[in-house]
Amino acid sequence: QVQLVESGGGLVQAGGSLRLSCAASGSISRFNTMGWYRQAQGKQRELVAIISNGGSTNYADSVKGRFTISRDNANDTVDLQMSSLKPEDTAVYYCNAFRLLSGTYWGQGTQVTVSS
């Protein structure tokens with residue numbers, strides 16, 4: 001059973017920074033990709049950033065240049081460094097892991113609130 005546990009959410013003022021961390025049970029190297037998604041109230045869940053096992057990254061246009069995703073295979077964590085935060089970044093952020101042979105896994109989510 002795969003468990004993903006997010007941490008690092010909270011309340012921050014616009015222009016501030018937060019770092020989210022996702023800790024996986026077991027090795028993250030078994031996953032083809034890991035990523036962060038978010039869901040704002042009343043909206044659909046959307047991709048924020050994704051990183052492949054080889055280290056390739058992809059970002060939503062809305063966060064390019066402000067967010068950075070990274071993975072630490074030694075500690076089985078995936079982090080999302082968020083800078084220059086905007087009120088529209090307010091959402092529940094979910095860690096995601098995908099493995100071609102076994103499917104998709106989600107964490108429980110962590111709330112990020114950016115005040116104006």
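Computed values, structure above
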item	result
Unique match (being over 18 Å from Ser116 (Cβ atoms) and in contact (Cβ under 8 Å) with a residue 60 or more places away in the chain) among Val12, Val5	Val5
Some residue of segment 30-52 being at pLDDT below 95, of a type in the set (Gly, Ala, Ser) and under 23 Å from Leu101 (Cβ atoms)	no
Selection status of Ala23, over 10 Å from the mean Cα position of the chain (by Cα), in a strand (DSSP E or B) and at pLDDT 95 or above	yes
Test result for Val92, assigned to a strand (DSSP E or B), open to solvent by 10 Å² or more (accessible area, probe 1.4 Å) and either touching a Pro at 6+ places or on another chain (Cβ under 6 Å) or within 14 Å of Gly9 (Cβ to Cβ) (or both)	yes
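The values are calculated or read from the model by the stated rules, or taken from the named source; none is laboratory data. What you see is a predicted model; the values in this text were computed from it and never measured. Ideal geometry is used to build each Cβ from the backbone, glycine not excepted, and the neighbour counts take in all protein chains shown. Surface accessibility is based on the protein's heavy atoms, side chains included, excluding ligands, DNA and RNA. Shrake-Rupley method; radii C 1.70, N 1.55, O 1.52, S 1.80 Å.
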